[in-house]
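What follows is calculated from the coordinates using simple rules that are stated; it is not laboratory data. The shown structure was predicted, so the numbers you read here are calculated from the model rather than taken from an experiment. For neighbour counting, all protein chains shown are included, and Cβ atoms are generated from backbone atoms with ideal geometry for every residue, glycine included.
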Amino acid sequence: MDIMDLIIWIITGIVVGWIASKIWKKRKMGLLGYFIVGIVGSFIGGFLFDILGLSFGGTLGSFITAIIGALILLFLLSKIKK
């Protein structure tokens, strides 16, 4: 992995976290919060979609999978906080 791949990975995580927080109507989390939600969400989405045998191809499909996983993470976090 070179530096450009790392930069793209970080930016993508932030964007995914930000989009999921806007869909979930979560209050502002800051760049680190968006990054964590985006990255953890992408793992959750990929894991669950793999278990269910679902797959979206290409970059857009990976992006959608990550957003869905981030939404699941935000849902779980909202249940834990209550």
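With q set to 0.16, 0.18, 0.22 Å⁻¹, the log10 of I(q)/I(0) for segment 3-81, from the Debye formula over equal scatterers at the Cα positions, is -0.54, -0.67, -0.95.
Adding -39500 (n - 2.57) for every DSSP H run of four residues or longer, then dividing by how many residues the chain holds, sets the calculated 222 nm ellipticity at -29500 deg cm²/dmol.
Counting beta carbons within 10 Å around each of Thr59, Thr65 and listing the fewest first gives the order Thr59, Thr65. In the chain, if the dipole is taken from +1 on Lys/Arg beta carbons and -1 on Asp/Glu beta carbons about the Cα centre, which of Ile44, Leu73, Gly57 is farthest to the positive end? Towards the positive end, the residue furthest out is Leu73.
Between Ser78 and Val15, how high is the FRET efficiency from 1/(1 + (r/R0)^6) when r is the Cβ-Cβ distance and R₀ = 25 Å? Nearest 0.05. The calculated FRET efficiency here is 0.75. Taking each residue as 0.36 nm, the span from Leu54 to Arg27 lengthens on full extension beyond its C-alpha to C-alpha distance by 6.7 nm.
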